[in-house]
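Novice: This is the structure, below, for whatever I ask next.
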Amino acid sequence: MKFSLVDGFKQAPLPKMKGVCIYCGSPTVAKCGSKIRWHWAHKVKCSCDPWWDNESQWHRDWKNHWEDHNQEIVYFDKSGEKHIADIVNEQNIVIEFQNSPMSEAELKSREDFYGDMIWVINGRNLAKNIKLSAMLPDPLHESMEDISIHSSNHKTHFVYSFILLFLSIEVRMS
């Protein structure tokens with residue numbers, strides 16, 4: 001967790017600080033070592049949000065594009081179910097960052113819960129596993145202006161870039 005409540009206020013961790021989990025109200029302790037980025041952890045190990053997962057630096061870096069008050073928001077649906085959204089922006093739209101694989105059922109569950117939302121997907125690992133086998137389009141066509149060709153070690157790589165809001169995926173083909 002990036003934040004915990006300290007004296008009733010959302011707080012980033014500092015050495016020896018203690019707080020309360022924003023989600024479940026359990027005691028938390030600041031983890032401020034030199035090897036792993038600073039974060040909060042439950043004093044007694046638990047997973048209070050079933051959707052919670054360890055955050056990568058990629059995940060944290062994306063969250064840091066928003067103000068602290070937009071990050072790690074406890075979000076309720078009409079039935080009272082709650083989860084921690086990565087970001088809720090000023091228009092009340094949930095933005096979730098996903099760095100690891102997720103099942104289709106899990107994806108649907110989150111989309112059903114949050115409603116209109118934006119996914120930001122880390123496409124670096126995805127790009128390593130995609131092979132294009134169809135005929136490539138004419139590189140001079142105007143629709144291909146976001147495509148670049150890179151040569152290295154006598155191999156040619158086509159890099160396809162697609163950006164939609166904050167979603168970017170690169171696909172390399174050799």
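Novice: Jot down the radius of gyration and Dmax of the stretch 1-119, Cα atoms only, both in angstrom.
Specialist: When restricted to Cα atoms, the stretch 1-119 yields Rg and Dmax of 14.3, 42 Å.
Novice: Leaving ligands, DNA and RNA out of it, rank ARG60, ARG124 by accessible area with a 1.4 Å probe, largest first.
Specialist: ARG124, ARG60
Novice: In terms of solvent-accessible area of protein heavy atoms at a 1.4 angstrom probe, what is the ranking of ILE84, ILE95, highest value first?
Specialist: ILE84, ILE95
Novice: Could you tally the net charge around ILE22, taking each other residue with its Cβ under 15 Å from the Cβ of ILE22, Lys/Arg +1 and Asp/Glu -1?
Specialist: Net charge around ILE22: 0.
Novice: Sort TRP66, TRP38 from largest to smallest accessible area, using a 1.4 Å probe on the heavy atoms of the protein chains.
Specialist: Descending accessible area places them as TRP38, TRP66.
Novice: Where nothing but the Cβ of Lys and Arg (+1) and of Asp and Glu (-1) is charged, how large is the charge dipole of the stretch 1-48 around its Cα centre, in debye to the nearest 20?
Specialist: I would put it at about 220 debye.
Novice: Tally Lys/Arg at +1 and Asp/Glu at -1 over every other residue whose Cβ is under 12 Å from the Cβ of TRP66; what's the total?
Specialist: Once all neighbours under 12 Å are counted, the net charge is -3.
Novice: Still on this structure, please answer the following. Given a 1.4 Å probe and the protein chains all in place, what does the accessible area of LYS31 round to, in Å² to the nearest 10?
Specialist: 90
Novice: Another one. Test of understanding: what is the full-extension gain from ASN70 to PHE9, defined as 0.36 nm times their sequence separation minus their Cα-Cα distance?
Specialist: Computed gain between ASN70 and PHE9 is 20.6 nm.
Novice: Using every alpha carbon pair in the stretch 36-91, what percent of pairs falls into each 5 Å bin from 0 up to the bin containing the largest distance?
Specialist: Spelled out bin by bin, the stretch 36-91 gives 4, 15, 22, 28, 19, 9, 3, 0 percent.
Novice: What does the net charge come to around PHE3 if you take all other residues with beta carbon closer than 14 Å to its beta carbon, with K and R at +1 and D and E at -1?
Specialist: That works out to 0.
The values are calculated or read from the model by the stated rules, or taken from the named source; none is laboratory data. Computed from a predicted model, the values in this text were never measured in an experiment. So basically every Cβ, Gly included, is an ideal-geometry build from the backbone, and we count neighbours across all protein chains shown. Remember, those area values only see protein heavy atoms, side chains included, never the ligands or the DNA or RNA. Shrake-Rupley method; radii C 1.70, N 1.55, O 1.52, S 1.80 Å.
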